[in-house]
Amino acid sequence: LDIDYHPSGKILSSVHNDDTVYIWDLEQEQVIHTIQLDDPSFKFSPEKTIMAGAVREDGEYLVRLWDVDSGEQVGDITVPGEVRDISFSPDGSLLSVATFGRPTVRDSESAVTIYNVSTQELLYNLDLDLENNDYPQVLAFTPDGGHLGIGTFDGLLEFWRLPGAEPIEAPEIDMTEPPPLPSDVLFDTDSAELKPEADDYLSQVAADLYEALPEATITFVGHTDSRGEAGYNLQLSIDRAASVKEWFEIWAQENNAEAWVLKVDGRGDTELKVPDTDVEGNFLEDAGGLNRRVEIEIEDLD
């Protein structure tokens, strides 16, 4: 389900389908530790001596810390719910944990927490503003350790600045090469009908696109992940692209974008951005989310 290299490059962890972690000494080509998890989340700390993984014990959700050399437990961090991902800061001093809350507290404000690794003390509880049953799915610190990126199940991406860090300047987007529209934001699973909340997202994209390109031929190209039959995926990709095109046609009429020529194409699962299955053929949801998209291709600019 997952692998992680130790910073030394001499040790590798591999998480299997039964959530067993095998710690391999790559030089000796043998397993040196075996750890049983309750969730596939497992990481080595960048400071080299600690490794962390998700377990459940006596009804509590925990992130357990082990010593890399001995394999002995060195600490437990109690977290608010089922662990979805963990991430160490670049210096190994902080550990961020994304959780899916217990059913009775699923709407709580404790979906992402950050801890001091040496003391296991809770430092920050991030107040995510998530809708419906969305929850944090992936975490990553920036190289300076001052910011945390959070990706959610529904495709939302947030960046949080920790105390003392400088703000990140938003990068400028070149609308002559627009970023893909994430299908998980626009559509439900196996559906080509736009979600109600897709309107605000597409409105901003359309406004930015029109400001940069008042005259353009725009083709919406649908893509799916690798699950399902090829013919089904092709049709779904076309239908989703057509739904986006129809939305843009209405927007163009309402906003006098008369010089736009809008087209549709679909590629199904033939142009994956990343592989979305592991070596055993298991589907990787995070990778699949990158493949489910509607790309915007610009042609014949005047």
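The values are calculated or read from the model by the stated rules, or taken from the named source; none is laboratory data. Since this is a predicted model, take the numbers as computed values, not measurements. Using ideal geometry, Cβ is built from the backbone for each residue, glycine included, and neighbour counts are taken over all protein chains shown. To get the accessible areas, we keep the full protein, side chains included, count just its heavy atoms, and leave off ligands, DNA and RNA. Shrake-Rupley method; radii C 1.70, N 1.55, O 1.52, S 1.80 Å.
Mind putting a number on the dipole of the chain about its Cα centre? Charges go on the C-beta only, +1 for Lys and Arg and -1 for Asp and Glu, and I need it in Debye to the nearest 20.
580 debye
Output ³J(HN,Hα) for the stretch 277-294: one whole-Hz value per residue in order, computed from phi by the Karplus curve 6.51 cos²θ - 1.76 cosθ + 1.60 with θ = phi - 60°, and x for Gly and Pro.
Once θ is set to phi - 60°, the couplings for the stretch 277-294 become 9, 8, 5, 9, x, 7, 6, 9, 4, 4, 5, x, x, 6, 7, 7, 7, 10 Hz.
On a 0 to 90 degree scale, rounded to 10, what angle separates helix 198-212 from the longest Cα axis of the chain?
Approximately 60 degrees, to the nearest 10.
Could you work out the pair-distance distribution P(r) of the chain from its alpha-carbon pairs, with 20 angstrom bin width and percents rounded to whole numbers?
29, 51, 19, 1
With r as the distance between the Cβ atoms of Asp127 and Asp286 and R0 = 25 Å, compute the FRET efficiency 1/(1 + (r/R0)^6) and round to 0.05.
It comes out at approximately 0.60.
In terms of modelled amide H atoms, which long-range or inter-chain residues lie less than 5 Å from the amide H of Leu26?
When sequence neighbours closer than 5 places are left aside, the close amide H contacts are Ile11, Leu12.
For the chain, what does the relative contact order come out to in percent, with C-alpha contacts under 8 Å and a separation of six or more?
10 percent
Top mean-square fluctuation among Leu234, Leu26, Leu157, Gaussian network model of the chain, C-alpha springs under 10 Å?
The residue with the greatest mean-square fluctuation here is Leu26.
Return one number: the angle in degrees, 0 to 90 and rounded to the nearest 10, between the long axis of the Cα atoms of helix 230-254 and the longest principal axis of the Cα atoms of the chain.
60 degrees
Whenever you get a sec, compute what percent of the accessible area on the stretch 144-291 sits on carbon and sulfur atoms (1.4 Å probe).
51 percent
In Å², and per residue, what accessible area does the chain have when probed at 1.4 Å with the other protein chains present?
53 Å²
Relative contact order of the stretch 122-174, please, whole-number percent, based on alpha carbon pairs below 8 angstrom and at least 6 residues apart.
24 percent
Between Ala241, Ala212, Ala287, find the one with the highest GNM mean-square fluctuation for the chain; connect C-alpha pairs within less than 10 Å.
Of the options given, Ala212 has the highest mean-square fluctuation.
For Glu169, Glu215, give me the order by solvent-accessible area with a 1.4 Å probe, most accessible first, ignoring ligands, DNA and RNA.
Glu169, Glu215
State the Cα centre-to-centre distance between the stretch 148-171 and the stretch 225-302 in whole Å.
So the separation of the two Cα centres works out to 26 Å.
In a Debye calculation with equal point scatterers on the alpha-carbon sites of the stretch 124-213 and no solvent, what is log10 I(q)/I(0) at q = 0.23 Å⁻¹?
Debye curve over Cα of the stretch 124-213, log10 I(q)/I(0) at q = 0.23 Å⁻¹: -1.24.
Kindly report, to the nearest 10 Å², the accessible surface of Asp58 as traced by a 1.4 Å probe over protein heavy atoms only.
Result for Asp58: roughly 150 Å² accessible.
Can you tell me which of Val83, Val221, Val74 moves the most in a GNM of the chain? Springs connect C-alpha atoms under 10 Å apart.
Val74
What are the ³J(HN,Hα) couplings of the stretch 183-190, residue after residue, when phi is run through the Karplus curve with 6.51, -1.76, 1.60 and θ = phi - 60°? Round to Hz, x for glycine and proline.
4, 5, 7, 8, 9, 7, 4, 6
Step through the residues of the stretch 160-175 one at a time and calculate ³J(HN,Hα) from phi using the Karplus curve (6.51 cos²θ - 1.76 cosθ + 1.60, θ = phi - 60°), rounding each to whole Hz and writing x for Gly and Pro.
Taking θ as phi minus 60°, the curve returns 10, 9, 7, x, x, 8, 7, x, 8, 6, 5, x, 6, 9, 7, 6 Hz for the stretch 160-175.
Evaluate the charge dipole of the stretch 1-84 about its Cα centre and quote only its size in Debye, nearest 20, assuming +1 on the Cβ of each Lys and Arg and -1 on the Cβ of each Asp and Glu.
Value, rounded to 20: 260 debye.
Taking amide H positions as placed 1.01 Å from N in the peptide plane, with prolines and chain starts having none, which residues 5 or more places from Arg84, or on another chain, fall under 5 Å of its amide H?
Ala98, Thr99, Phe100
What lysines could a cross-link reach from Lys43, if we take a straight Cα to Cα line under 22 Å and drop same-chain neighbours fewer than 8 places away?
Leaving aside lysines fewer than 8 places away in the same chain, those within reach of Lys43 are Lys10.
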